[in-house]
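A quick write-up on the structure given underneath.
Laboratory data are not the source of any read-out in this text; all were calculated from the coordinates shown. Since this is a predicted model, take the numbers as computed values, not measurements. Note: ideal-geometry Cβ built from the backbone for every residue, glycine included; neighbour counts use all protein chains shown.
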């Protein structure tokens, strides 16, 4: 029987030593057959060493009996460095269970397949898909393992999962997040629009991507000139800028929008990569307008009353003094501002006691 764990030369010599009797013709025939067998063994060994996969033979204790040259190179070793080492020493600790199960399966010929991480000599990780099967050879059980590098697929899968998580985060944000290519002539191309655009602007991402003129056509012309275009200069300069402007939604209702733009110039290209985060600030703007309106109404009331109105804080800082108050004290607004408290106190003691 030919022992595959011996070299071809050793196998041929061993067989030839047993064939020392016979005629010259018989010996020549035997020698020719052995030479052919040796050539075939060399060919099969060359094929096994050249298979573009990690090919290992492991005994019942997990010790490596043979490692193909290609597989050893993938792990950063020479084949001789792996022989007589435990396969588990090459496996990432979290993935050893699958290998241990395969090793202890005894002579079960069932085909097994799993994925795991092998540790290269330099400490880096190699993701592999392992196919394993037990066979019986020379009265002992051995485990054949063939590993295929799946690192690129794992990286792609990891990237897809990361992108999915990022997309979920962006789409969950109560803001419209946009990625644009902006050109020096003020033209732009929208590359991404988050789901929040429908909440903020009233238009879906699909509507945004289908018509790049949509955004510019819905911004009030006044705000385009006073807010958007000046902000464009900041974008080209690579400065972060925030602009507030009015925007018509599809129902014709005006929304106040705050957009913050960050930009960087693409290396070797004549455009800028711009990211914008936009929120609907209509509530704040409406509250500011209502407050301003109430302040104007209060001022009209103050100016119309015949009474003097004086409002001050605990450190005698005047917060409000009506025009009628100036007139009653005989002070001009300038005189009042220069020495308000002293001027007032000097005149208050002249008031009739019944006024207090």
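Could you check the spin-label model distance between residue 271 and residue 125? Points 7 Å from the Cα along Cα→Cβ, value in nm.
3.6
Label the range 35-167 by shape, choosing from rounded, prolate and oblate, from the square roots a ≥ b ≥ c of the eigenvalues of the Cα gyration tensor; if a/c is under 1.5 it is rounded, and otherwise prolate applies when a/b is larger than b/c, oblate when it is not.
Taking the square roots of the gyration eigenvalues as a ≥ b ≥ c, the range 35-167 is prolate.
With contacts defined as alpha carbon pairs under 8 Å and 6 or more residues apart, what's the relative contact order of the range 149-307 in percent?
20
How high is the FRET efficiency from residue 249 to residue 157, r the C-beta distance, R0 51 Å, rounded to 0.05?
For residue 249 and residue 157, the calculated efficiency is 0.80.
Once you order the gyration tensor axes a ≥ b ≥ c over the Cα atoms, which shape class does the range 138-199 get: rounded for a/c under 1.5, otherwise prolate or oblate by comparing a/b with b/c?
Note, shape of the range 138-199 comes out oblate.
Which length gain, in nm to one decimal place, applies between residue 104 and residue 181 when the Cα-Cα distance is subtracted from 0.36 nm times their residue separation?
Extra length available between residue 104 and residue 181 comes to 21.9 nm.
For the range 38-107, what size does the Cα cloud have along each of its three principal axes, sorted from largest down, in whole Å?
Per principal axis, max minus min of the Cα coordinates gives 41, 29, 19 Å.
Let me know the shape class of the range 33-74, please: from the alpha-carbon gyration tensor, a ≥ b ≥ c as square roots of the eigenvalues, rounded when a/c is under 1.5, otherwise prolate if a/b is greater than b/c, or oblate.
oblate
With the crude spin-label approximation of a point 7 Å out along Cα→Cβ, what separation in nm comes out for residue 300 versus residue 92?
If labels sit at residue 300 and residue 92, their model points lie 7.3 nm apart.
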